[in-house]
Amino acid sequence: MIAMFRPALVLFAVLTLLCGVAYPALITGIGQIAFPVQAAGSLVTVNGKVLGSTLIGQAFTAPHYFWGRASATSPMPNNAAASSGSNQGPLNPAFIDAVKARIDVLKAADPQNIAPIPIDLVTASASGLDPEISIAAAYYQENRIAQARKLSRDQVHNLVLQHRKSQIFGFLGEARVNVLTLNLALDQISIP
């Protein structure tokens, strides 16, 4: 029986080095060379200061910014350490109350807007960290932002179109816009 321990320990050590050290180091190295921005977390830096990542949503609540998708993470919104959905079904009273509260906030921020509210502005994603919103969600917010920044709606609309990302491979998902990059572009043309 002791004779079996030595080969098992050697195999364990070899596989640990191969699968736990060599393979991750190789893949990390390839990632750093082939995709340096993505491997570093897709960080957005302005004047040497990291403002966020294009991969993690941020909570924008000021009326002069586009608002992202609601976050189900707690205790803080968009907390990557607590990434998860709320696991609340559509008939759950807490879910219904949360959606109604988000609708009330959107209507209070732009009372003249009578357009249908896009679903991604009032529901959280599965991860709770979505950095992007649908084009419909961006369009819904254009009037509020134009008024808050004293811009024409066309200026805000053109900015949305400039930052629009198409469907993946032309048919997967839907067109979308990254909220952080869109808000940074807004700050480039107008600071309230």
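A short reminder: the numbers here are calculations on the coordinates, not readings from a lab. Computed from a predicted structure; not experimentally measured. Positions of Cβ are backbone-derived with ideal geometry, glycine not excepted, and every protein chain shown enters the neighbour counts.
If each residue of separation counts as 0.36 nm, what is the full-extension length gain between residue 167 and residue 15 once their alpha-carbon separation is subtracted?
Working: separation 152, 0.36 × 152 = 54.72 nm, distance 4.06 nm.
Residue separation times 0.36 nm, minus the Cα-Cα distance, leaves 50.7 nm.
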Practice task
Pull out the extension gain between residue 87 and residue 62, defined as 0.36 nm times the separation in residues minus the alpha carbon to alpha carbon distance; nm, one decimal.
Solution key: 6.2 nm
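Run the helix sum for the chain: -39,500 (n - 2.57) per DSSP H stretch of 4+ residues, divided by residue count, reported at 222 nm to the nearest 500 deg cm²/dmol. Could you put the intermediate results ahead of the total?
Values: 7 runs with 85 residues, N = 192.
It lands at -14000 deg cm²/dmol.
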Problem - Mean Cβ neighbour count within 10 Å, used as a protection proxy, ranking 26-37, 167-178, 130-141 highest first - result: 130-141, 167-178, 26-37
Problem - Simple spin-label estimate for residue 103 and residue 33 in nanometres, 7 Å along Cα-Cβ - result: 5.5
Exercise for the section: Mind running the shape call on the chain? Use the C-alpha gyration tensor, a ≥ b ≥ c as the square roots of the eigenvalues: rounded below 1.5 for a/c, prolate if a/b tops b/c, oblate otherwise. Expected result: prolate
Exercise for the section: Rounded to the nearest 10 degrees, what's the angle between the helix 135-149 long axis and the longest principal axis of the chain, both from Cα atoms, 0 to 90? Expected result: 50
